[in-house]
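A quick write-up on the structure given underneath.
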Amino acid sequence: MAMVVKNNMSAINTLNTLNKNTNALKKSLEKVSSGMKINSAADDASGYAISERMRVQIRSLDQANQNAQNGGSMMKVAEGAVSSTVEILKTLKEKAVSAANDTNTDSDRATIQKELDQSIDQINDNANVTFNGKYLVDGSHNKKVTQTTTHMTNQSLFTGTHADARLTALQARNGDSLNIHSTDTVTVSYVKDGKTYTSSMQVGSDGQLDYIVSKLTGGAITVKGADSKIGLDASTNQVYTASGENAITLSTGTSGIDGQIAGFTMYITDNKGNVNKSANASLDAFEESIRAQNSSEDNSIVLQVGTKAGQSIKVGLTDMKATALGLQGKDGSTISVATQEKANAAINALDAAIQKALDQQTTIGAAESRLEYTQANLTTASENVTSAESVIRDADMAKEMTNYTKNNVLLQAAQSMLSQANQSSSNVLSLLQ
């Protein structure tokens with residue numbers, strides 16, 4: 001190359017190389033210090049975009065997991081309240097059975113009644129439990145409910161039993177006669193709006209089931225004919241007997257909680273006052289098949305447990321107050337154990353209340369179990385997406401340290417050569433002497 005003064009091309013070339021090495025070292029330093037091989041879109045535009053989308057997904061998955069954990073905590077609070085109510089109902093059932101025994105005096109039953117009243121008050125306290133200021137089992141978080149009527153089905157009577165069947169002709173499920181006679185006395189007890197009603201009458205030779213039930217309940221309860229269908233539930237689904245066979249069903253004349261009937265008891269005594277145990281075993285087997293509820297919009301608790309809209313779990317929590325359980329009336333009156341007949345009605349009312357509480361506990365428990373599976377799934381998903389994002393974004397530190405060392409050496413070499421190239425122009429001065 002000719003010796004020139006104006007343009008020192010060696011120095012220029014070396015300077016360009018120095019700048020490249022400086023930029024390379026800068027990038028190496030950035031990767032080594034951050035631990036990421038992609039620090040901006042300039043490093044890898046498509047890789048950066050993919051990585052950022054994955055980071056959004058990871059954060060969303062982690063938040064959904066947190067939502068599921070919070071939801072699980074809420075369900076545990078609700079379950080605790082309902083579990084307490086179940087324990088109270090167990091104790092009340094025990095007390096009612098005790099009160100039904102005629103070894104108790106009126107004073108004894110009055111004492112039991114006081115304990116029962118206090119316990120029912122505690123059930124209402126349980127129903128007002130809150131989580132983060134939100135009431136749970138007071139009926140404010142029902143799923144969509146259509147107003148329903150109390151239905152009580154008896155699957156211990158013969159499948160061919162009709163509403164107008166004579167009591168003297170009634171048969172057990174296996175076809176055996178119940179041995180009810182026209183001179184026997186039939187007694188019906190039931191609880192409505194917290195008050196216990198008891199009435200009796202002679203069976204008579206033509207006493208029909210529907211007539212007797214209607215007369216003894218003042219028309220509050222009617223008898224439906226034998227059928228495997230026993231009406232529509234709160235979700236307007238047809239409800240069938242558990243066995244799929246025909247059975248008679250009692251229903252109330254008024255729908256909603258105001259018309260709910262609890263603790264229906266029907267039993268037979270002969271003209272000497274003796275109890276007909278075989279008949280009573282079949283007649284006292286009316287169990288609630290459809291619960292009376294007031295109509296309600298869908299106020300279910302919605303737990304967002306996914307990264308997309310609508311990926312949620314809905315939990316409907318029913319009313320666990322004493323009124324909804326059939327233990328208390330609107331005026332504050334509670335089920336009574338003041339007499340042997342009322343205590344018997346209370347036993348069945350408590351059985352129905354226990355079943356309602358257990359159904360609610362089952363619903364909550366199922367939601368808790370599902371939330372646990374959801375948390376496990378979200379944790380796994382977050383882990384897998386994090387692993388995929390790491391492949392794209394994280395730096396191989398061993399590799400980056402190798403590049404850093406190389407770029408550092410090259411930078412020092414370029415700096416040294418630039419110094420040499422800058423001195424080469426001074427050689428022209430020897431020609432000008």
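Read-outs throughout are calculated quantities, based only on the coordinates presented, and are distinct from any laboratory measurement. All values reported here derive from a predicted model rather than from experimental measurement. Note: ideal-geometry Cβ built from the backbone for every residue, glycine included; neighbour counts use all protein chains shown.
How compact is region 127-196 by the rule of thumb for globular proteins, expressed as Cα Rg over 2.2 N^0.38 Å?
Dividing the Cα radius of gyration by 2.2 N^0.38 Å gives 1.88.
Which whole-number percent gives the relative contact order of region 146-295, counting Cα pairs below 8 Å spaced six or more residues apart?
38 percent
When 1/r is averaged over all different Cα pairs and the result inverted, which Kirkwood radius in Å belongs to region 250-305?
14.8 Å
Name the helices (complete DSSP H segments) of the chain with a Cα length along the long axis of 18 Å or more and a Kyte-Doolittle mean of at least -1.0, or state none.
Membrane-span-like by this criterion, though nothing is claimed about a membrane: 9-34, 45-99, 340-393, 397-424.
Starting from the Cα gyration tensor of region 146-295, take the square roots of the eigenvalues, sort them a ≥ b ≥ c, and report rounded, prolate or oblate (rounded when a/c is under 1.5, otherwise prolate if a/b is larger than b/c, else oblate).
Judged from the Cα gyration tensor, region 146-295 comes out oblate (a/c at least 1.5, b/c at or above a/b).
Taking H as built 1.01 Å from N, whose amide H comes closer than 5 Å to the amide H of A163, not counting residues under 5 places away?
Excluding prolines and chain starts, which carry no amide H, the hits are G225, A226.
Could you give the semi-axes, largest first, of the ellipsoid that matches region 1-116, computed as the square roots of 5 times the alpha carbon gyration tensor eigenvalues and rounded to whole Å?
The three semi-axes for region 1-116 are 88, 11, 7 Å.
What is the list of residues in region 48-81 whose amide nitrogen lies under 20 Å from a point 7 angstrom out from the Cα of Q304, following Cα to Cβ?
53-75, by backbone N distance to the label point.
Sort out for me the Cα centre separation of region 13-88 from region 268-343, rounded to whole Å.
So the separation of the two Cα centres works out to 50 Å.
How much length is gained if the chain between D117 and R55 is pulled fully straight, taking 0.36 nm per residue apart and subtracting their Cα-Cα distance, in nm to one decimal?
Full extension of this stretch gives 16.6 nm more.
Computed FRET efficiency, Cβ-Cβ of E87 and V391, R0 45 Å: what is it to the nearest 0.05?
Efficiency, rounded to the nearest 0.05: 0.25.
Where does the chain land at 222 nm, in deg cm²/dmol rounded to the nearest 500, when only DSSP H runs of n ≥ 4 count, each adding -39500 (n - 2.57), divided by all residues?
That comes out to -16500 deg cm²/dmol.
Take every Cα pair under 8 Å in the chain that's 6+ residues apart, average their separations, divide by the length, and report that relative contact order as a whole percent.
RCO, the chain: 28 percent.
Could you list, bin by bin from short to long, the percent of Cα-Cα pairs of region 54-197 in 5 Å steps?
2, 7, 9, 11, 11, 12, 12, 11, 9, 6, 4, 3, 2, 2, 1, 0, 0
Springs between alpha-carbon pairs under 10 angstrom, Gaussian network model over the chain: which of Q360, Q293, Q423 fluctuates most?
Per the Cα network of the chain with a 10 Å cutoff, Q423 tops the list.
For S28, what charge total do you get from the other residues with a beta carbon under 11 Å from its beta carbon, if Lys and Arg give +1 and Asp and Glu give -1?
+4
Quick check on my link table: of K144/K342; K144/K215; K143/K321; K224/K356, which ones sit more than 25 Å apart, alpha carbon to alpha carbon?
The answer is K144/K342; K144/K215.
Please work out the ratio of the alpha-carbon Rg of the chain to 2.2 N^0.38 Å and round it to two decimals.
Against the empirical 2.2 N^0.38 Å value, I get 1.83 for the chain.
Order of 50-63, 189-202 by packing, highest average Cβ count within 10 Å first?
The peptides rank, most packed first, as 189-202, 50-63.
Relative contact order for region 249-402 using alpha-carbon pairs under 8 Å, separation at least 6, rounded to a whole percent?
Reported as a whole number, the value is 20 percent.
How long is the gain from Q355 to Q63 if the chain were fully straight, where each residue apart is worth 0.36 nm and the alpha carbon distance is subtracted?
Gain in length upon complete extension: 101.5 nm.
Could you compute the net charge surrounding Q147? Neighbours are other residues with a C-beta less than 15 Å from the C-beta of Q147; K and R count +1, D and E count -1.
Here the count lands on -2.
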